Amino acid sequence: MSSDSTQKHGAFKWGAFSSSSPWRGPKLRLKLPRVLNVMRRSVPSTSEENAPTTHLKVETEPVTPAPAPPATFEQHLSSLALSEAGCMLLLREEQLFVRESPEVWQTEEVAALTADRLALKETVLQTLRRSLEPTMDVDVLASAVASVQQEEEQDRLWERRRGMLPPWRLSGWRQTHDDTLQTMVEERLDAPLTPPATNPMGQSSIQSDLYQAGRRLRRDLLIVSERVKACYPQHFCICQLYAASYHHGISSKMRRLADFGLDDRDCTFLLRWVNDFYPRLLADPQLEINTEVLEALLPEELLSPLEEQYLNRQQREQSKYVGRVLDEARAAWNKGEEPPVEDGYFVSPMAYDIIQMINGMVSAAETVLGDLRKAQPLTCELQNVLHRFQSLQDDVIKCNKANSVAFVKANLGCVADFRNFVESRQRLFPEEVLQSSLSILTHMKGSAHEYLLAPVRKNLKPHYRKLFSQDWLRKSPLKNLHSCLDQEILGLRGPPQSSCQELISQLHQEVSLEYVRRLLEGDLRFKDKQQQQKAATNIEDDAHTLQCFFSTHGSEEVWLEEVFSMMAEVLKLQDLPAIQCQVASLARAFPDISEKHVSALLKLKGHLSKEERNSAKAVLSEIPKNSAQSPFCWVSNIQPSLLL
């Protein structure tokens, strides 16, 4: 477009002139009309008529009209043919230059050239100041831009010739162009929009001012992209130049606002504008802006106090809300109220309310502050929340009121909700807060399970004593144990479903562990193959019975039956190599099993000598130790000292 505009508006070409030869005007050659032939021709007469007839024929060449006189500088200027007007001044300047006499530069001719150059410059600047007006003629703007380019090229030519500029040369047109656009942009940012922008109800003057600045920026940069850009050569990067000018103007406006002192609402709006609204505005591909080269909208020394003000306010609001939720829960418990029941489960809205508040505040702060790391101080409040929650649960358990069990069951649902939130949104939390929170939740879950299962253990204890009695090989005593478990599990109902499953699963583990403990710590010895086969069958049947019972009630600990099966297999086998292989398999499946546990299991096989038992245990040393515990690491809860 630039080359077309330059050709259209008569851009000056320096190659036609030389400093060693004076300029001469073009010679005009005119063709005048001329008579080419005058011919007489006789026409033969007849007998009736002898009078002669004469024919005159004049042939002429086409007449070329005289060219119109060339337009003057003033005419070009008045018609806004600015590139053509500039070319005329450059020609006059060249005439002065080739005279090689600086004294000539002080004549009236120089004064006239200087005056005309000032007039051209003012007209060009007026045109640039109207660049974004809807009525602006893009051809006129392109002519003004071409004039700026011509002057810049002339400056470079003078620098190559003499290293200095003559007094009539007004240098720095490109810088003047940029400064003019910057001034125009600042004026437009301060001017009201036409038509006026709507002001939503409740907006402060600061919010309205920034809202208007954003609309002005978008409108004007779209005009630049759609209309103005075509008037400039590519190397001007005019879209980026305008964007930088608007960015500078808005930055200056915001620095004044930030330095003025803002209330909490305007502080939040300003930060949101800096980190969210404005970046999304600049990212519009229609505006063609490279945002990476733009400076920060606000310097750190102004941004940090605003961020601190915002975070302090959010933390106050957060602490106030959390305190109210926990106080309401404590007050309800003190009054003897029970938590509400939904679908047969005790529920508490406490965790949901607190999680929604924390998650919402952190997400909002990430947007307002533009960086999750800056928003993370708000998640530190979770530690305080969980400490206060733990203190409430400890008081509920310690006092053991009539409604304490219901509250603890409801709390188990809250503990699960908090854990799911922390584990699924780990990126929100600093590592220290994450680990501390998980530790508190683990302790709360454990103390709740202990409180709810303690009476169950007490009621099951008499039935455990009947396990592995002398008549165990003839009849398993699990029937009475099942009847007792049925009653106890009914009493454990009440926590939300997932928490209830975890509670039943823990009871499943405890009953299975007690079964293994009684087997390994008892006095039973199976001396022959028949007794060992019978004992192995009973263990497998008991394991299957327990598995079916607890699975019916929601336990998912299916792996427990495998423990019983692998121990029963040791009792079945008679050959020492086969026993060694099975012991190795058991150790691989359950890394926490110790040599003393294996020793107690092998003692049940009364026919094995001490040397054979030692040989079977020796394979444990060949099994590589896995530092990561398996999910089955509960066998180690059996006291090794009791297995000697």
All positions within the range 511-527 that are of a type outside the set (Ser, Thr, Tyr) and out of contact with any Gly (no Cβ under 8 Å at 6 or more places or on another chain): 511, 513, 514, 516, 517, 518, 519, 520, 521, 522, 523, 524
Restricting the range 97-116 to residues that are part of a helix (DSSP H, G or I) and at pLDDT below 75, the residue that is nearest to residue 155 (Cα to Cα): 97
Some residue of the range 607-623 being in contact (Cβ under 8 Å) with a residue 60 or more places away in the chain, over 28 Å from residue 506 (Cβ atoms) and either over 47 Å from the mean Cα position of the chain (by Cα) or open to solvent by 60 Å² or more (accessible area, probe 1.4 Å) (or both): yes
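Can you tell me how many residues within the range 418-442 are in contact (Cβ under 8 Å) with a residue 40 or more places away in the chain, in a helix (DSSP H, G or I) and open to solvent by less than 70 Å² (accessible area, probe 1.4 Å)?
Result for the range 418-442: 9.
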Tally of residues being out of contact with any helix residue (DSSP H, G or I) (no Cβ under 6 Å at 6 or more places or on another chain), closer than 14 Å to residue 473 by Cβ and not charged (D, E, K, R) across the range 508-532: 5
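What residue, among those in the range 443-485 that are of a type in the set (D, E, K, R) and part of a loop (DSSP other than H, G, I, E, B), is nearest to residue 419 (Cα to Cα)? Steps first, answer last, please.
Initially, the range 443-485 is screened for residues of a type in the set (D, E, K, R), giving 445, 450, 457-458, 461, 465-466, 471, 474-475, 479.
Still in the running and part of a loop (DSSP other than H, G, I, E, B): 465-466, 471, 474-475.
On the way: 465: 38, 466: 40, 471: 47, 474: 47, 475: 45 Å.
Per the stated criteria, the residue is 465.
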Long-range neighbours under 6 Å by Cβ, at least six apart or interchain, first residue over 14 Å from residue 523 (Cβ atoms) and open to solvent by 40 Å² or more (accessible area, probe 1.4 Å) within the range 462-473, second aliphatic (A, V, I, L, M) and at pLDDT 80 or above: 463/481
Subset of the range 562-606 [of a type in the set (Asp, Glu) and either touching an Asp or Glu at 6+ places or on another chain (Cβ under 9 Å) or in contact (Cβ under 8 Å) with a residue 24 or more places away in the chain (or both)]: 562, 569, 592, 595
Set 543, 535: member being closer than 24 Å to residue 606 by Cβ and under 57 Å from the mean Cα position of the chain (by Cα): 543
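I'm checking my understanding of the structure. Among residues of the range 319-346 that are in contact with a helix residue (DSSP H, G or I) (Cβ under 6 Å, 6 or more places away or on another chain) and either open to solvent by 50 Å² or more (accessible area, probe 1.4 Å) or of a type in the set (Val, Ile, Thr) (or both), which one is farthest from residue 409 (Cα to Cα)?
Here is the first cut: in the range 319-346, the residues in contact with a helix residue (DSSP H, G or I) (Cβ under 6 Å, 6 or more places away or on another chain) are 321-322, 325-326, 329-330, 333, 338-339, 346.
Checking which are either open to solvent by 50 Å² or more (accessible area, probe 1.4 Å) or of a type in the set (Val, Ile, Thr) (or both) leaves us with 321-322, 325, 330, 338.
On the way: 321: 24, 322: 21, 325: 18, 330: 15, 338: 10 Å.
Only one residue tops the list, namely 321.
Hey, could you check the range 513-558 for residues that are under 21 Å from residue 495 (Cβ atoms) and small (Gly, Ala, Ser) and say which is most open to solvent (accessible area, probe 1.4 Å)?
Quick first cut of the range 513-558, residues under 21 Å from residue 495 (Cβ atoms) only: 549-557.
Filter again for small (Gly, Ala, Ser), leaving 551, 554-555.
Numbers: 551: 50, 554: 17, 555: 9 Å².
Only one residue fits best here, namely 551.
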Answer residue from the range 138-179, given it is in contact with a Lys or Arg (Cβ under 9 Å, 6 or more places away or on another chain) and open to solvent by 30 Å² or more (accessible area, probe 1.4 Å) and is modelled with the lowest pLDDT among those: 170
Lone qualifier among 445, 475, 527, 466 - being basic (Lys, Arg) and closer than 25 Å to residue 593 by Cβ: 527
Residue within the range 377-398 that is assigned to a loop (DSSP other than H, G, I, E, B) and at pLDDT 90 or above present: no
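The values are calculated or read from the model by the stated rules, or taken from the named source; none is laboratory data. Since we're looking at a predicted model, the values are computed, not measured. Note that each Cβ is placed from the backbone with ideal geometry, even for glycine, and that neighbours are counted across all protein chains shown. Ligands, DNA and RNA are excluded from the accessible area calculation, which covers all protein heavy atoms including side chains. Shrake-Rupley method; radii C 1.70, N 1.55, O 1.52, S 1.80 Å.
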